[in-house]
Amino acid sequence: MMDKKCSKRHCEHICSAFRAIAEDSQSVAGFTGQKLEFPKVVFDLNNEYDRENSVFIPKHGGVYVITASTLFFPGEDVAPQDFVVNLTINVNDEVALAGQNILPKGLFSFDGLGTTVTGILQLKKCDKVEVSANPNINGEVYPSPFFTHFEAARVSSPRHSPHSSAEHTSLNSFQFPSRR
């Protein structure tokens, strides 16, 4: 049988993870860098995600894998043009990870444009992690549990490791069929 003290210490290293999704469409004005809301918590293993403010605040410092994804649709009143969606993961109001997806004017449609950003970051206890979208046109973020979500998980790491910026960043972007 595992000693409770050992079990607790082990859990401090790996038992931090959450996943939250958008419940409703969110109107986003072009060039605003608007914070996105993810109020529906799918799970939160260590009670570190604030659903009211859509903020992840880790209780322990360490290395975290963080992902944010959106499905953005241009507004119906938008004229065909190059269509760009920038998505950022911000730590303490500073961009820590960023991704971008572009749909050129020649391919413009009112189909949704998905953008995902994921990376591994060294976070400190009580850092504030949020997600923002900054499209170049007006539109809305579509609420889909598969395409519009925010999540993080702490990977096993030493309790007292040096703090650094982004260790790795990758971007996956994709286009989806029209929902109209």
Open item on the list: Go through region 82-112 and report how many residues are part of a strand (DSSP E or B), closer than 21 Å to Pro143 by Cβ and in contact with a Pro (Cβ under 8 Å, 6 or more places away or on another chain).
Closed with: 3
Task: Residue that is nearest to Ile137 (Cα to Cα) [pool: residues in region 58-76 that are in a loop (DSSP other than H, G, I, E, B) and open to solvent by 10 Å² or more (accessible area, probe 1.4 Å)] - done: Gly75
Task: Close pairs from region 138-149: first buried (at least 17 other Cβ atoms within 10 Å of the Cβ), partner in a loop (DSSP other than H, G, I, E, B) and of a type in the set (Phe, Trp, Tyr), Cβ under 8 Å, at least 6 apart - done: Phe147/Phe176; Thr148/Phe38; Thr148/Tyr142; His149/Phe38
Task: region 40-57, subset farther than 15 Å from Asp93 by Cα and assigned to a loop (DSSP other than H, G, I, E, B), residue least open to solvent (accessible area, probe 1.4 Å) - done: Glu48
TODO: Can you run down the residue pairs with Cβ atoms below 9 Å, 6 or more apart or on separate chains, where the first is in region 70-88 and in contact (Cβ under 8 Å) with a residue 24 or more places away in the chain and the partner is aromatic (Phe, Trp, Tyr) and surrounded by fewer than 15 Cβ atoms within 10 Å (Cβ to Cβ)?
DONE: Leu71/Phe146
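Can you confirm whether Ala79 is open to solvent by less than 70 Å² (accessible area, probe 1.4 Å), aliphatic (A, V, I, L, M) and part of a strand (DSSP E or B)?
no
The values are calculated or read from the model by the stated rules, or taken from the named source; none is laboratory data. Note that this is a predicted model, so its numbers are computed, not measured. FYI the Cβ positions are ideal-geometry reconstructions off the backbone, even for glycines, and counts take in every protein chain you see. Areas reflect the complete protein model, heavy atoms only, side chains present, ligands, DNA and RNA absent. Shrake-Rupley method; radii C 1.70, N 1.55, O 1.52, S 1.80 Å.
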